[in-house]
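Input: a single structure, listed below in C-alpha cells.
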Amino acid sequence: MTHVLTASERTDATTARSTIRNAQPALTGYIGLAALVGCFIIARTGAAFTDASGFLQACSVMFIAMALCDLIFYRVYKQPDVGGLALRPQFSSQMFLILFYKVVGVAASFATAWILYSFLPIYQDVWYQETFIVLQSALPYALPFFSLYLLTFHFISLEPDDGLAEFGRLCLSCGHLGDRKKAADYALGILIKMFFVPIMVGFGLGDWLRLSTITVQIDGFRDFYELSYQLVLLIDVCFGAIGYLCSFRLLSAHVRFPERTLGGWMVCIMCYVPFWQIINRNYLNYSDGVVWGNVFVEASIPYAVWGSAILFLMTVYALSTVSFGYRFSNLTYRGVVCSGPYKFTRHPAYLSKNISYWMIEIPILGTTLGSAVSGTLALLAVNLIYYVRARYEEKCCLQHEDYKIYYARFK
C-alpha cells in the first residue's frame with residue numbers, strides 16, 4: 001500500500017533536505033575577532049604580543065578561543081564531514097601501518113616545502129626570508145601540538161586512511177601504491193598552503209608590527225579613515241593566516257577537496273603576489289593618481305560620506321573573512337559559510353572589494369580622456385577576473401551537497 005505523505009511530513013522532509021549539516025558556526029568568527037581586539041590592545045600597551053612573533057602569538061590565541069567555542073558550544077566534531085569517532089582509541093597493526101604512511105606523508109610535505117622555499121628565486125627575497133625566520137621560530141611550539149593531534153585523531157577516527165595516508169603510501173612506493181585521486185587532492189592542498197602561508201603571515205607581520213607601535217593621533221576624518229582602513233586589512237589577514245595554518249579535521253576545518261582545474265588556479269593566484277603586481281603594473285593599471293581624496297574637499301561632508309562608504313565596504317570585506325572563523329582558504333572547499341555577510345549574498349567579499357575599487361580610484365575621472373577610458377576598461381577587466389574567479393569557486397564548491405543547498409537559497 002502506498003503511503004501518502006501528510007503536509008507535516010512533507011515539511012519535515014523538505015527541512016531535512018535543506019539543512020546544511022557542516023556549516024561554519026556563526027559565533028565562532030566573532031569570538032576570534034574579540035580575541036584579536038584583546039591581543040591588539042595588549043600589544044599597544046607593550047605588555048605582550050610586541051615583537052616579530054607577536055602576530056603569530058595573537059593568531060594562536062584567536063585560534064584557541066575559536067576552537068574552544070566550536071568544541072564546547074557547537075560540538076563540531078559531530079559534523080558528518082568529520083567522520084565517525086571511536087569512544088576508545090583503536091590500536092591494531094593496520095592502524096600503526098596507516099600511521100606510518102601518514103608520517104611519511106608529513107615528511108614528504110616538509111621536504112617539498114623546504115625544496116621550494118630554498119630554491120625558487122622569489123622566496124630568496126628579503127621579505128620572504130624575514131617571514132620564514134618568524135615561522136621557523138614557531139616550529140618548536142607548533143610541531144609537538146601537531147604531532148599530538150595527529151596521533152590522537154588517528155587512533156580515534158573510524159576513517160583513518162585519508163589523503164595524507166594515501167600521499168605517504170604513494171611516496172613510499174614511488175607511485176605504485178595508493179589512491180592517486182586522494183593523494184593528488186592532498187598534494188594540491190599542501191601546495192595551496194605553501195603558496196599562501198608566507199603571503200598571509202608576511203603581510204600580517206608587517207601590519208601587526210606597524211599598527212601596534214605607531215603613535216595614533218586622529219585630528220580629522222582623514223586620519224580616522226587611514227587608520228581604520230589599515231585595521232580592517234589587518235583583521236582580514238589575521239583570519240587568513242589562521243585559515244591556512246589550521247585545517248584540523250576534528251574541528252571540521254579540513255580540506256574536503258581542492259580546486260582541480262587549471263583555470264581555477266590561474267584566475268585565483270593571479271590576484272596575489274608576485275603575479276598581481278606584474279599584471280596590475282603592466283596590463284591592468286587603472287590608477288593615474290586621481291583618487292577619491294583628491295576629488296572631494298577634505299573636511300567637507302561629501303568627503304566624510306564618501307570615505308565612510310568605502311570603510312563600510314571594507315568592513316563587509318573583512319567580516320566576510322571573519323565569518324569563516326579558522327576555515328578561510330582559497331582554492332579549497334572546507335565547509336559552507338552562510339552567516340554574516342554570506343547570509344545575503346554568495347560573494348560578499350568580492351562584491352564589496354570591487355565596488356570599493358571604483359570608489360577609491362574613480363577611474364572615469366582620469367586626468368585625460370585617454371587615461372579615463374583606459375583606467376575604466378582596466379578596472380572593468382579586474383571586475384571580470386573576480387567574476388570568473390567566483391564562478392570557478394562555485395563550480396568547485398557545488399561538488400558538495402551542503403553548498404548545493406546554500407547555492408539554491410539565492411535562486
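For this structure, a couple of remarks:
- Rounded to 10°, Cα long-axis angle of helix 93-119 versus longest principal axis of the chain: 30
- The chain: angle of helix 54-69 to the longest principal axis, Cα-based, in degrees nearest 10: 50
- By the compact-protein rule of thumb, 2.2 N^0.38 Å, the alpha-carbon radius of gyration of the range 282-398 corresponds to a ratio of 1.23.
- Sites Y123 and Y272 - FRET efficiency at Förster radius 22 Å, r taken between beta-carbons, to 0.05: 0.95
- Carbon-plus-sulfur accessible fraction, the chain (probe radius 1.4 Å, protein heavy atoms only): 68%.
- Anisotropy class of the range 65-189 from Cα gyration tensor, a/c 1.5 cut: oblate
- Taken as Cα centroids, the range 99-155 and the range 172-227 sit 14 Å apart, rounded to the nearest whole angstrom.
- Computed lengthening from L27 to Q399, 0.36 nm per intervening residue step minus Cα-Cα distance: 131.3 nm
- The Cα center of the range 319-340 and the Cα center of the range 45-81 differ in position by 15 Å.
- Using alpha-carbon coordinates, inclination of helix 221-245 to the longest axis of the chain, degrees: 20
- Take the chain and mark each of the chymotrypsin sites (Phe, Trp or Tyr not before Pro) that is in a DSSP loop with at most 14 other Cβ atoms within 10 Å; the longest unmarked stretch, sites excluded, is 92-271.
- Local net charge near I214, Cβ-Cβ under 14 Å (Lys/Arg +1, Asp/Glu -1): -1
- Cα gyration tensor shape of the range 16-135, rounded if a/c is under 1.5, else prolate or oblate by comparing a/b with b/c: oblate
- FRET E, pair R210, H176, Förster distance 60 Å, beta-carbon r, rounded to 0.05: 0.70
- Viscosity 0.692 mPa s, temperature 37 °C, Stokes-Einstein D of the range 208-328 from Kirkwood C-alpha radius, µm²/s: 188
- Based on Cα contacts under 8 Å between residues 6+ apart, the chain shows a relative contact order of 21 percent.
- Ellipsoid fit via the Cα gyration tensor, the range 203-249: semi-axes of 27, 11, 6 Å, each the root of five times an eigenvalue, largest first.
- Cα-Cα separations in the chain greater than 31 Å, expressed as whole percent: 45
- Backbone N under 20 Å from the I218 label point (7 Å along Cα→Cβ), restricted to the range 315-333: 315-319
- Distances between placed amide hydrogens fall under 5 Å for T332 paired with E259, all partners being 5 or more residues away or on another chain.
- Long-range HN-HN contacts of S157 with modeled amide H, under 5 Å: A86
The values are calculated or read from the model by the stated rules, or taken from the named source; none is laboratory data. As the structure is a computational prediction, the values presented were derived from the model and not from experiment. Cβ coordinates were reconstructed from backbone atoms using ideal geometry, including for glycine residues, and neighbour counts include every protein chain displayed. To get the accessible areas, we keep the full protein, side chains included, count just its heavy atoms, and leave off ligands, DNA and RNA. Shrake-Rupley method; radii C 1.70, N 1.55, O 1.52, S 1.80 Å.
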